[in-house]
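Novice: First, the structure itself, so that you have it in front of you.
Each value in this text was obtained by applying a stated rule to the coordinates, not by laboratory testing. All values reported here derive from a predicted model rather than from experimental measurement. With ideal geometry, Cβ positions are generated from the backbone for all residues, glycine too; neighbour counts draw on all protein chains shown.
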Ligand SMILES: O=C(O)CCC(=O)C(=O)O
């Protein structure tokens, strides 16, 4: 248990959550499916270990991330995120929980999507296009590290998605189809929390409460705690529990599209980040299907007694709405330059 002094002087006692752990090297697939299903029904968060990405490589990705965020603010602003959601997001850019936050999140970030050259017809789609890269003179090897990580993380995501498919009584390769993860919108996001202390009673957060938009998110963190989950998002007030970092493991959580696909059998989970005065680095990998994928209730998740709770929606339409709801209008930065 962790004790934290809240703004009004009272102590909030926060438990550390116990989460199931899915070992991707385990040969007993039935056991993995059972563990994952229990985690998805219980809280929508679990750890994934033995995923095939080495600790050395993870350390390299974190080191490159630190090198980026250590650059002077002016250098980072030259790489400001564009309309395709690629590039740098400054401190306070994102406001995830407007009802409870006095301003944006105390974090900066960097979005890297699937690299699609400008002259490729797919680059017309809202979430495809070329990435924004720091120059190799300033950060040698940076792009190569991030591209390699992007590919490796997608393989991990596909392995997890196969277990999710089985847990939902679907064919194991359900999410491997071209319109699903065959041609996904998958976004790597480097995050840096600068060491500000959060104060929920004053509406100040490292990241405000939110659920992720897609199928799943793979999260790697350093060993500074801060991530909290609310297992029952319908509870009022929410009960927050810390998720402890586990060396070498991904923290995986379910997103809103999976909630829609599964007709709320597997719910997305509210989570937030509290800063504790220490700098913190994390790396999120958001996994969404292809632009044109119609996210609609799965046959195995509906019946006459339990009809679909959400209308079908195209992945790109849904995502565009969620991004514009939560990010600062880019014109605000342009106005600041004149
Ligand atoms: O930094 C973290 O631990 C969580 C980040 C997160 O929730 C997000 O980017 O959606």
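Novice: How far apart, in nanometres, would the label points at residue 155 and residue 196 be if each is projected 7 angstrom from Cα along the Cα-to-Cβ direction?
Specialist: 3.9 nm
Novice: Can you tell me what share of the DSSP beta bridges in the range 16-333 is antiparallel? A percent to the nearest 5 is fine. Could the numbers behind the result be given before it?
Specialist: Working: 46 of 52 bridges.
Looking only at bridges with both residues in the range 16-333, the antiparallel portion is about 90 percent.
Novice: For the range 227-267 and the range 109-136, what is the separation of their C-alpha centers, rounded to whole Å?
Specialist: Value for the Cα centre distance between the two parts: 29 Å.
Novice: Report the Cα-based extents of the chain along its three principal axes, largest first, to the nearest Å.
Specialist: Result, largest extent first: 58, 58, 40 Å.
Novice: Please rank 215, 254, 71, fewest neighbouring Cβ atoms within 10 Å first, as an exposure proxy.
Specialist: Working: 215 28, 254 25, 71 16.
Ascending number of Cβ neighbours within 10 Å: 71, 254, 215.
Novice: So how far apart, in nm, are the two label points at residue 328 and residue 119 if each is 7 Å from Cα heading toward Cβ?
Specialist: 3.6 nm
Novice: For the chain, modelled as a Gaussian network with Cα springs under 10 Å, which listed residue fluctuates most, 107, 302, 37?
Specialist: Checking each option, the largest mean-square fluctuation is seen for 302.
Novice: Could you work out which residue, out of 116, 287, 295, moves most in a Gaussian network model of the chain, that is, has the largest mean-square fluctuation with Cα springs under 10 Å?
Specialist: With Cα springs under 10 Å in the chain, the top fluctuation among 116, 287, 295 is at 116.
Novice: Over the range 41-123, one equal point on each Cα, no solvent: what is log10 I(q)/I(0) by the Debye formula at q = 0.15, 0.25 Å⁻¹?
Specialist: Evaluating at q = 0.15, 0.25 Å⁻¹ gives log10 I(q)/I(0) of -0.88, -1.13.
Novice: Also: Can you check how the C-alpha radius of gyration of the range 208-279 compares to 2.2 N^0.38 Å, as a plain ratio? Show your work: numbers first, answer last.
Specialist: Details: Rg = 12.8 Å, N = 72, 2.2 N^0.38 = 11.2 Å.
Cα Rg divided by the expected 2.2 N^0.38 Å: 1.15.
Novice: What is the range 44-87 by shape, rounded, prolate or oblate, if you read a ≥ b ≥ c off the alpha carbon gyration tensor as root eigenvalues and call it rounded for a/c under 1.5, prolate for a/b larger than b/c, and oblate otherwise? Spell out each step's value before the answer.
Specialist: On the way: a/c = 3.25, a/b = 1.72, b/c = 1.89.
Judged from the Cα gyration tensor, the range 44-87 comes out oblate (a/c at least 1.5, b/c at or above a/b).
Novice: Oh, and also: Taking 1 over the mean of 1/r across every pair of different Cα atoms in the range 193-337, what Kirkwood radius in Å do you get?
Specialist: 17.1 Å
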